[in-house]
1. Rounded to two decimals, what is the ratio between the C-alpha radius of gyration of the protein assembly as shown and 2.2 N^0.38 Å?
2. Spit out the partnerless Cys residues in chain B, using Cβ distances under 4.7 Å as the pairing rule.
3. How well do other chains shield peptide B:45-58, expressed as the mean number of their Cβ atoms within 10 Å of each residue Cβ?
4. Which whole-number value in Å³ per residue fits the convex hull of the alpha carbons of the stretch A:1-44?
5. Please name which of B:S10, A:F72, A:Y182 has its Cα lying farthest along the dipole of the protein assembly as shown towards the positive end, using unit charges on Cβ (Lys, Arg +1; Asp, Glu -1) and the Cα centre as origin.
6. Using a cut-off of under 17 Å, list every residue of the stretch B:26-41 whose amide N is near the label point 7 Å from the Cα of B:S10 along the Cα-to-beta-carbon line.
7. Rounded to the nearest angstrom and ordered from largest down, what semi-axes does the equivalent ellipsoid of the stretch B:1-62 get from its C-alpha gyration tensor (root of 5λ)?
8. Could you calculate the FRET efficiency of B:R71 with B:D28 from 1/(1 + (r/R0)^6), where r is the beta carbon distance between them and R0 is 51 Å, rounded to 0.05?
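No lab work stands behind these numbers, since they all come straight from the coordinates. Everything quoted here is computed from the prediction, not taken from an experiment. Quick reminder, even Gly has a Cβ in these numbers, built from the backbone with ideal geometry, and neighbours come from all protein chains shown.
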Amino acid sequence: MQLSADEKQSIRVLILRLVDDLHRVAMQLTGRADAAEELVADTVARASERFRQLHDRAKVKQWLLRILTNTFISTYRQRKSHAVVSLDEHDGENFSLFDQLSVPLLLWGSNPERELINKLLDEDIQKAIAALPEQFRIVVVLCDIEGLTYQEIAESLRIPIGTVRSRIARGRTILQKHLWEYAREAEILPRSHTKALTLQKEQEHEALHT
Amino acid sequence: MKHSTPKPISCEQALKRVFDFIDGQLKDRSREELEQHLAVCRHCFDRVEFEKLVKTRLGKLRKQTDSAELRKKISLLIDSY
């Protein structure tokens, strides 16, 4: 499709205004600068081809994010031959870092859950996000990093709000489980948590022998 | 219209609303019920504070990218259509 000079100028203005947003999301989804630039370029190419299908320019951000996420999913699957992850295959459905880390009243005043979050480096969290299945990674990035509302995410991905809600909940749960596993492997669990575990073991031991 | 007091909810009901609450998605009555529960339940209050903290921590990953070169490429790309 050949665009007129006016159309080229319109799409240029619309896209350049949002290019930082697209670039940031692409970086979060791909995790690599070269792949992110390529993803944005592919998105712009597809958007230019379909420019006449954009009827509501007030929703151009959602339109571009839809093209970007669809491009990411199709490219990612092609390149990595990545199996589609079933929404039911992941364990840890009710996992919560808070439940793992919060301490008994006896140790009130310590706050291991806050300590752990403050100990994590950006890199640790980025790795945990990168390990999320793509359906969940996309909504977590759009909601928690980009600050989009559920409505905006639903419009961007063309999925019902209920699906956005459940994917966000599931994505956060899996993310917290990854962070927990990482913290255990890297041995960066807060001291107050270790202390609480020791205390719990002592109490169990006492209960057994009284 | 008379505004009635929010009805009490259980911890289980409260925890199901945590993500909607921190994302600003809870409607008036539902939010009031949760807020009333949080005012009397330390465990659920701490859980909400923790989830807010995680969300804020993720939000800090939103960093400015250097898109100068990319802008030039995009402009040239659009010209080719």
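1. Working: Rg = 22.7 Å, N = 291, 2.2 N^0.38 = 19.0 Å.
Compactness ratio reported: 1.19.
2. Within chain B, the cysteines lacking a partner Cβ under 4.7 Å are B:C11.
3. Details: counts 0, 5, 5, 1, 4, 12, 5, 0, 6, 11, 5, 2, 7, 11.
For this peptide, the per-residue mean of nearby foreign Cβ atoms is 5.
4. Values: hull volume 2.8 nm³, N = 44.
Dividing the Cα hull volume of the stretch A:1-44 by its residues yields 63 Å³.
5. In the protein assembly as shown, that residue is A:F72.
6. Backbone N within reach: B:34, B:37-38, B:41.
7. Working: eigenvalues 113, 38, 13 Å².
With the √(5λ) rule applied to the stretch B:1-62, the semi-axes are 24, 14, 8 Å.
8. On the way: r = 43 Å, r/R0 = 0.85.
About 0.70, to the nearest 0.05.
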